[in-house]
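Undergrad: What follows is a structure written as structure tokens; I'll ask about it next.
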Amino acid sequence: MQPFITNQLKLSDLIGNGKKFIVPKFQRDYSWTEEQWGDLWSDLQEIKFEQKNDSHYMGYLVLQEISDNEYIIVDGQQRLTTVTILFISACYIFEEMIANGEDVEANQINLEEIRKYIGPRNPITKAFESKITLNRNNNHFYKTFLCQLQKHIPVSGIKSSEKLLKETKDFFVRQLKAKFTTGQQIIEFILQNVSLRLYFTTIIVNDEVNAYAIFETLNARGVQLSTPDLLKNYLLSLSTKEGGHTSVLDELDETWEKITEQIGVNSFNDFIRHEWNSRNKSATKTDLFRRIKSQIVTPQDSFTYINQLYTQSFNYSALLDPNSEMWSSSDYSSEEQRKIKSTLDLLVKFKIMQPIPLLLAAKIEYNKQDFIKLLRYIEVVSMRYNVICNLSPNDQEALYKNLANQVSGLKHKIYQIKPAFIPFYPSDDEFIHAFIYKDFKQNDRAKYLLLKLQSSLDNSLGILHESDLTVEHILPQRIDETWGGIFNTPETKVYKLGNMALIPKNTNKDLSRKSFAEKKEIILQTDLALNRTIQEFTVWDEDSFAKRQAELAKHIKTIWRIDFA
């Protein structure tokens, strides 16, 4: 059997037949607002029916086939639900027209035609059924009120997502009434501009594991899907296997929402993978869900895992935010806060994520002192191996995952894992040589290193503060003929730290155009030890630059050092 099937389908081919769609009971509630409704409505207005190939692309719809013509909506429920409510809104208008005696026979036909896209009438109960079953929080409201075209829909005592469902219907009713005056115009718009001109790329998978793999593949290609929904649905579904109580499900559901809130703008996929690798054998993006599903198999497993994720969501967010309240709390002294911020600043500025599984494990298993020691080792290795020497991170990633398992599983102490860093610790000679030739084109990264050098020379900025300072290139970034005559290859010197100084932001903005003598006077006024390293030079040329670059290299090797003796 093929793992998945991909098609590009018109809306009429997708829902204008006997197919049924189920939103997993634990998937997120309906959440679209007027911003999304308005965008969709505007897109529909721009479709030109007289142009045969004019259409609107709705994106990916990931479905899991569970029986003939019955599918679980893995991703795309917000879009499919919204389009269906547009059809329901047209039905409301046709019923109103019929009640008002407007072209009754034609509008009755229009109503029945549109109802085909929503769901058939049950021959026994005479109630209209729906082709879409929403999640456990939204389905009853959707079926009871919207699908039955109820005129009196409650506005109080309902969930916020149910209010959004009602407001979606009200929005489209208003838009349709404002644009069209007859039932014929509405039916033409729905059947021509909507059902025939909206396209989805449907991906039909045969199981949950393939569904998760599709998520990861599409995310890697820049198509961001709601990946947490699939995992959440699996974990919460486990809790119903043994008759899980509704209160327990509600509690787990609430905990999951808190996890996603805590992760915020950070990648939920990365969080799940890093957290899993902090305690288990390394899993890649493509086999992560398979691993989780093979080990989380009981309601108790699910409960334990979700609570583990909840705890680690706070730690993960804090590790990605050097200014997190976690580090500035009274649990840490000012010196401890400085050390923690130093490492996390480096990891964030240089986008070094490989140590995260180890840090997640250590945050739980280590005491405060050993955790800070580990941060220091990681900072030194990251600076030498990743930032300056720019060595391949592939083997290093395996190191951190293995160490994470040693800390979380084998309970190895800090002294036991320290020797593992040796192969990833470039020697002083390698470090200095790489530094000599290293460019830093991003000012925030250059500033981070210059401040470290300043601190090593004199642990004081005087009356200045870090936020007051900016990077000044002695040999300017825009090289004119004057500087070009002094340096043989000026473009190879501009972005090296030896060519940089720290100056207050409010210093003369035209400083780059000044001569070296004028620049030197202004730079030395800062009275920073780092800047005083240019004091001996009367000209800024190849020799001056090379000498200062070499001096800074000697200092930098002392800042990031580990004694493995």
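Please treat every number below as a calculation from the coordinates, not as lab data. Predicted model, so just to flag it, every value in this text is computed and none were measured. Cβ sites come from the backbone with ideal geometry, for glycine too, and all protein chains shown count toward neighbours.
Undergrad: Please report, for the Cα atoms of region 325-426, the Rg to one decimal and the Dmax as a whole number; what are they, in angstrom?
TA: Expressed in Å, the Cα Rg and Dmax of region 325-426 come to 13.1, 38.
Undergrad: What is the fewest-to-most order of R28, R79, R384, R532 by other Cβ atoms lying within 10 Å of their Cβ? Present the calculation step by step, with values, prior to reporting the outcome.
TA: On the way: R28 22, R79 19, R384 26, R532 15.
Ordered by Cβ neighbours within 10 Å, fewest first: R532, R79, R28, R384.
Undergrad: In terms of modelled amide H atoms, which long-range or inter-chain residues lie less than 5 Å from the amide H of K19?
TA: Answer set, sorted by chain and number: none.
Undergrad: How large is ³J(HN,Hα) for each residue in region 351-368, as worked out from phi by the Karplus curve 6.51 cos²θ - 1.76 cosθ + 1.60 (θ = phi - 60°), to whole Hz, x for Gly and Pro?
TA: 6, 9, 9, 4, x, 4, x, 5, 5, 5, 5, 5, 4, 8, 8, 9, 6, 4
Undergrad: I'd like the FRET efficiency for N7 and D439, computed as 1/(1 + (r/R0)^6) with the beta carbon distance as r and R0 of 35 Å, rounded to 0.05.
TA: Details: r = 48 Å, r/R0 = 1.38.
Rounded to the nearest 0.05, the efficiency is 0.10.
Undergrad: Kindly identify region 4-205 as rounded, prolate or oblate by the Cα gyration tensor criterion: order the square roots of the eigenvalues as a ≥ b ≥ c, call it rounded if a/c is under 1.5, otherwise compare a/b with b/c, prolate if a/b is larger, else oblate. The partial results should precede the final answer.
TA: On the way: a/c = 1.41, a/b = 1.12, b/c = 1.26.
It comes out rounded by the Cα gyration axes.
Undergrad: Given 0.36 nm per residue, what is the gain on full extension from T286 to N506 after removing their alpha carbon distance, in nm? Before the final figure, lay out each step's value.
TA: Values: separation 220, 0.36 × 220 = 79.20 nm, distance 5.03 nm.
That pair, T286 and N506, stretches by 74.2 nm at full extension.
Undergrad: Give the percent of DSSP beta bridges with both residues in the chain that are antiparallel, rounded to the nearest 5.
TA: The answer is about 60 percent antiparallel.
Undergrad: Using only Cα atoms, locate the centre of region 2-70 and the centre of region 89-109, then give the distance between them in Å, rounded to an integer.
TA: Centre-to-centre (Cα) distance: 26 Å.
Undergrad: Only Cα pairs under 8 Å and at least 6 apart count here; give the relative contact order of the chain as a rounded whole percent.
TA: Details: 698 pairs, mean separation 70.6, N = 565.
It rounds to 12 percent for the chain.
Undergrad: Here's a follow-up. Quick one: length gained pulling D43 to E491 fully straight, 0.36 nm per residue minus the C-alpha distance?
TA: Numbers: separation 448, 0.36 × 448 = 161.28 nm, distance 4.82 nm.
Between D43 and E491, full extension yields 156.5 nm more.
Undergrad: HN-Hα J couplings of region 175-185 from phi, Karplus 6.51/-1.76/1.60, θ = phi - 60°, integer Hz, Gly and Pro as x?
TA: With the stated coefficients, region 175-185 comes to 5, 5, 5, 6, 8, 10, 10, 10, x, 4, 5 Hz.
Undergrad: In addition: Can you tell me the relative contact order of region 416-565? Whole percent, Cα pairs under 8 Å, sequence separation 6 or more. Show your work: numbers first, answer last.
TA: Values: 144 pairs, mean separation 47.7, N = 150.
Averaging sequence separation for qualifying contacts and normalising by length gives 32 percent for region 416-565.
Undergrad: Taking +1 at the Cβ of each Lys and Arg and -1 at the Cβ of each Asp and Glu, which of A517, Q36, A404 sits farthest along the dipole of the chain towards its positive end, judged by Cα position relative to the Cα centre?
TA: Positive-end residue among those listed: A404.
Undergrad: Right, next: Taking the simple approach of a point 7 Å from Cα along Cα-to-Cβ for both E251 and V539, what is their distance in nm?
TA: The modelled label-to-label distance comes out at 7.9 nm.
Undergrad: If you don't mind, there's one more thing I want to ask. Given the peptides 255-261, 369-375, arrange them by the average over their residues of other C-beta atoms within 10 Å, most packed first.
TA: With the highest mean Cβ count within 10 Å placed first, the list reads 369-375, 255-261.
Undergrad: So, one more: Take Q295 and Q108, extend 7 Å from each Cα along the Cα→Cβ direction, and tell me the distance between the two endpoints in nm.
TA: 6.4 nm
Undergrad: Tell me the net charge near E46. Cut-off is 12 Å between Cβ atoms, E46 excluded, with +1 for each Lys or Arg and -1 for each Asp or Glu.
TA: -1
Undergrad: Here's something else I'd like to know. Once phi is turned into ³J(HN,Hα) by the Karplus curve 6.51 cos²θ - 1.76 cosθ + 1.60 with θ = phi - 60°, what whole-Hz value does each residue of region 429-444 show in order, with x for glycine and proline?
TA: After applying 6.51 cos²θ - 1.76 cosθ + 1.60, I find 5, 5, 5, 5, 4, 5, 5, 4, 9, 8, 9, 10, 8, 8, 4, 5 Hz.
Undergrad: Relative contact order (percent) for region 227-319, with alpha-carbon contacts under 8 angstrom and 6 or more residues of separation?
TA: Values: 63 pairs, mean separation 41.9, N = 93.
Reported as a whole number, the value is 45 percent.
Undergrad: With Cα Rg over 2.2 N^0.38 Å in mind, check [x] 1.27; [y] 1.08; [z] 1.13 and report the label derived from this structure.
TA: Given [x] 1.27; [y] 1.08; [z] 1.13, the calculated one carries the label [x].
Undergrad: Can you list the aspartates and glutamates whose alpha carbon is less than 14 Å from that of K514, not counting same-chain residues fewer than 8 positions off?
TA: Within the straight-line cut-off, K514 pairs with E472, D480, E481.
Undergrad: What is the fewest-to-most order of Y57, Y305 by other Cβ atoms lying within 10 Å of their Cβ? Mind showing how you got there, number by number?
TA: Values: Y57 12, Y305 18.
The order, fewest Cβ neighbours first, is Y57, Y305.
Undergrad: Mean residue ellipticity at 222 nm from the helices of the chain, using -39,500 (n - 2.57) per DSSP H segment of n ≥ 4 over the full residue count, to the nearest 500 deg cm²/dmol?
TA: On the way: 24 runs with 286 residues, N = 565.
Helices in the chain give a 222 nm mean residue ellipticity of -15500 deg cm²/dmol.
Undergrad: Can you put H555, H465 in order of Cβ neighbours within 10 angstrom, beginning with the fewest? Spell out each step's value before the answer.
TA: On the way: H555 16, H465 9.
By the 10 Å Cβ count, ascending: H465, H555.
Undergrad: Then there is this: Assuming R0 = 45 Å, can you tell me the calculated FRET efficiency for the pair H152 and T240, based on Cβ-Cβ distance, to the nearest 0.05?
TA: Working: r = 33 Å, r/R0 = 0.74.
E(calc), rounded to 0.05, equals 0.85.
Undergrad: Moving on. Show the residues, 5+ positions off or on another chain, whose built amide H is closer than 5 Å to the amide H of T470.
TA: The answer is I503, K505.
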